[in-house]
1. With springs connecting C-alpha atoms under 10 Å apart, model the chain as a Gaussian network and identify which of Leu28, Leu105, Leu64 has the largest mean-square fluctuation.
2. Taking the Cα centre of the stretch 1-68 as the origin and placing charges on Cβ (Lys, Arg +1; Asp, Glu -1), which of Ala30, Ser51, Ser7 is farthest toward the positive end of the dipole?
3. So, for the chain, what is the accessible surface per residue at a probe of 1.4 Å, expressed in square angstrom?
4. Starting from the Cα of Ile20, step 7 Å along the direction of its Cβ; do the same at Glu32; then give the gap between the two resulting points in nm.
5. With a cut-off of 8 Å between alpha carbons and a minimum separation of six or more residues, what is the relative contact order of the stretch 49-116 in percent?
6. Please say if the stretch 74-116 is rounded, prolate or oblate, where rounded means a/c under 1.5 for a ≥ b ≥ c the square roots of the C-alpha gyration tensor eigenvalues, and otherwise the choice is prolate for a/b larger than b/c and oblate otherwise?
7. Could you calculate the FRET efficiency of Val56 with Leu105 from 1/(1 + (r/R0)^6), where r is the beta carbon distance between them and R0 is 22 Å, rounded to 0.05?
8. Quick one: with all protein chains in place, what share of the accessible area of the stretch 29-116 is carbon or sulfur, to the nearest percent (1.4 Å probe)?
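The values are calculated or read from the model by the stated rules, or taken from the named source; none is laboratory data. Note that the structure is predicted; figures quoted are calculated from it, not measured. Reconstructed Cβ throughout: ideal geometry from the backbone, glycine too, with neighbour counts over all protein chains shown. Just so you know, the surface numbers come from the protein's heavy atoms only, side chains and all, with ligands and any DNA or RNA stripped out. Shrake-Rupley method; radii C 1.70, N 1.55, O 1.52, S 1.80 Å.
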Amino acid sequence: MKQYVLSMHQPDGPPPPPEILDPIMRDLGAVEQEMREAGVWVFSGALQPPSDARVVRMREGEALTTDGPYVEGKEHIGGFTIIKAPDMDAALEWARRLAGAVALLPIEVREFQAGV
């Protein structure tokens, strides 16, 4: 089985109010439970906002750490799910289910490189 990361992109800014967010989280939890029952779920997690990020890079042999995200934008990866699936079509089907749960947020699907 191959492994895929399903990344959820969301707009910057505060989360929506509970009357909008609560049903989304319920539906997202239901899809994750389906993934677990189907044996495809490997790991998932939500990320802190980009403002909490740190970037580390080497400069003249020293590690330089800066505050904030590597790339500024209007959207960011808010969370991700790692699944195992036989092929991209199967991974895309799970992405469709996630996209349905999170309303209008896009889900990016990428396969892990083999042997890495």
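1. Leu64
2. Comparing the listed Cα positions along the dipole, Ser7 ranks first.
3. Details: 8120 Å² over 116 residues.
For the chain, the solvent-accessible area averages 70 Å² per residue.
4. Distance between the two pseudo-spin positions: 2.1 nm.
5. Details: 47 pairs, mean separation 13.0, N = 68.
Relative contact order here is 19 percent.
6. Numbers: a/c = 2.75, a/b = 1.44, b/c = 1.91.
Because a/c hits 1.5 or more and a/b fails to exceed b/c, the stretch 74-116 counts as oblate.
7. Values: r = 28 Å, r/R0 = 1.28.
Using R0 = 22 Å, I get an efficiency of 0.20.
8. On the way: 3250 of 6190 Å².
Of the solvent-accessible surface of the stretch 29-116, carbon and sulfur hold 53 percent.
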